[in-house]
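Accompanying notes for the structure given below.
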Amino acid sequence: MHCKLIVVFVEDAKTDDVIKAAREAGATGCTVINNARGEGIEEEKSFFGLTLSTQRDVLLLLVEAHLSRDILEKIGEVGEFDAQPGAGIAVQIDVEDAVGILHQAEELEEIVEENL
């Protein structure tokens, strides 16, 4: 199974919706890292030294390469990444090798064959 790693930085309020959309598009699982912080083109506003920004989550999804673009697009759509500045970003990275995913490969075999 050829894999891609999709890394998503998203507002914590949208995390569950993004995970659900990714699953519907073919993702078989997700790791969530809570309470990340980030800054975009413009500096975050502060009030008496406290940053006024929403919490972010980092989502890690190891997905089958043939499904990755559809999953990435669905994540961007549901997360409204292009519609709202600062809503989040998602990137995909090539994965050279992975272990511990045999059960996922067996589940995805038919789905990937249909898409080819």
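Within region 87-95, can one find any residue that is closer than 17 Å to Asp12 by Cβ, within 20 Å of the chain's Cα centre (by Cα), assigned to a helix (DSSP H, G or I) and modelled with pLDDT of 70 or more? No; the residues of region 87-95 include none that is closer than 17 Å to Asp12 by Cβ, within 20 Å of the chain's Cα centre (by Cα), assigned to a helix (DSSP H, G or I) and modelled with pLDDT of 70 or more. In region 75-85 there is no residue matching the filter, namely being at pLDDT 90 or above, surrounded by fewer than 14 Cβ atoms within 10 Å (Cβ to Cβ) and under 11 Å from the mean Cα position of the chain (by Cα). Considered as a group, the residues in region 50-74 that are among the small types (Gly, Ala, Ser) and more than 18 Å from Ile33 (Cβ to Cβ) include one that is modelled with the lowest pLDDT, and that residue is Ala65.
The values are calculated or read from the model by the stated rules, or taken from the named source; none is laboratory data. Quantities reported herein were computed from a predicted structural model and do not represent experimental measurements. Here Cβ is always computed from backbone atoms with ideal geometry, including for glycine, and neighbour counts include all displayed protein chains.
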